[in-house]
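Presented below is the structure to which this report refers.
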Amino acid sequence: MTRRSAEIRLDALLRTTCDVIAERGLANTRTADVAEAAGVSQALVFYHFATRDRLLAQAFAYAVEQDLTRLDTVVRSAAPPLARLRRMLHLHAAGRSTSWSMRIDGWAESLRTPELEKLSRRLDLRWRQDLAAVISAGVADHTFNCPDPAGAAWRISAVMDGLAVQLAVHERVITRRQLGEWIRLVAARELGLEPGQLD
């Protein structure tokens, strides 16, 4: 096996593992489940990952990196702060159910698994830091009226996370449309905007 084909196979295994975790949960995912879903032998899974715990931790890290890459694309763009904020809110509201299932599972497992707690914390803090940076840029160019960008980022993020959990866990309690509308409403109130400016 060439190094390139090994990297491609590893990437495919991580993607498949994320899908299996989203379906079965971290606690119920076995290496045999991943091997079957990927159409490979369990020996190949162990070739790449020495243990089940290593497989799950690396899959969670892979999912975190995918989320951070999407976030970086938005935050590092040359767009004005209002446009970047709109894209960040949309990115969160449009999050894939697989991603949210893994994040929720990751939060729960973080209570017992230091490696997962570190990864989960990294993703959560990056969201808040990047949101605060975009808010600060909007305050600086007088687009937003917000005396506490860091606090606003935490409050907006808390609402986003709470609504996303409701959407992912409790079927038909709220709709994706309601989630988007309520997030825009909270963000607008925090930043001195009209909700329509965030559509």
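The values are calculated or read from the model by the stated rules, or taken from the named source; none is laboratory data. All values derive from a computational prediction rather than experimental measurement. Neighbour counts are summed over all protein chains in view; Cβ atoms, including those assigned to glycine, are modelled from backbone coordinates with ideal geometry.
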ask   = Is the stretch 92-100 home to any residue that is in contact with a Cys (Cβ under 7 Å, 6 or more places away or on another chain), of a type in the set (S, T, N, Q) and surrounded by fewer than 20 Cβ atoms within 10 Å (Cβ to Cβ)?
value = yes
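Suppose we keep only residues that are touching an Asp or Glu at 6+ places or on another chain (Cβ under 7 Å) and under 28 Å from Ala188 (Cα atoms) within the stretch 99-138. Which one would you say is modelled with the highest pLDDT? Give the steps one after another, and end with the answer.
Going residue by residue through the stretch 99-138, those that are touching an Asp or Glu at 6+ places or on another chain (Cβ under 7 Å) are 99, 110, 116, 123.
Pick out the ones that are also under 28 Å from Ala188 (Cα atoms) and you get 99, 123.
Details: Ser99: 71, Leu123: 83.
Across the stretch 99-138, the extreme among qualifying residues is Leu123.
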request  = Looking for whichever is assigned to a helix (DSSP H, G or I), farther than 20 Å from Tyr62 by Cα, without any contact (Cβ under 8 Å) to a residue 40 or more places away in the chain and within 15 Å of the chain's Cα centre (by Cα) here; the options are Ala158, Ala168, Ala164, Ala152. Which one fits?
outcome  = Ala158
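Let's see how each residue does on (1) without any contact (Cβ under 8 Å) to a residue 60 or more places away in the chain; (2) assigned to a helix (DSSP H, G or I); (3) buried (at least 16 other Cβ atoms within 10 Å of the Cβ):
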site: Leu125; (1), (2), (3): yes, yes, no
site: Asp130; (1), (2), (3): yes, yes, yes
site: Ala137; (1), (2), (3): yes, yes, yes
site: His142; (1), (2), (3): yes, no, no
request  = Test Gln178 against the criterion of being within 18 Å of the chain's Cα centre (by Cα), in a helix (DSSP H, G or I) and surrounded by fewer than 19 Cβ atoms within 10 Å (Cβ to Cβ), and give yes or no.
outcome  = no
Ser120, sole failed condition from (1) in a helix (DSSP H, G or I); (2) free of Cβ contacts under 8 Å to residues at least 40 places away in the same chain; (3) in contact with a Lys or Arg (Cβ under 8 Å, 6 or more places away or on another chain) = (2)
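Residues to consider are Arg184, Arg189; find the one that is on the phi < 0 side of the Ramachandran plot, part of a helix (DSSP H, G or I), surrounded by 20 or more Cβ atoms within 10 Å (Cβ to Cβ) and not polar (S, T, N, Q).
Of Arg184, Arg189, the one residue that is on the phi < 0 side of the Ramachandran plot, part of a helix (DSSP H, G or I), surrounded by 20 or more Cβ atoms within 10 Å (Cβ to Cβ) and not polar (S, T, N, Q) is Arg184.
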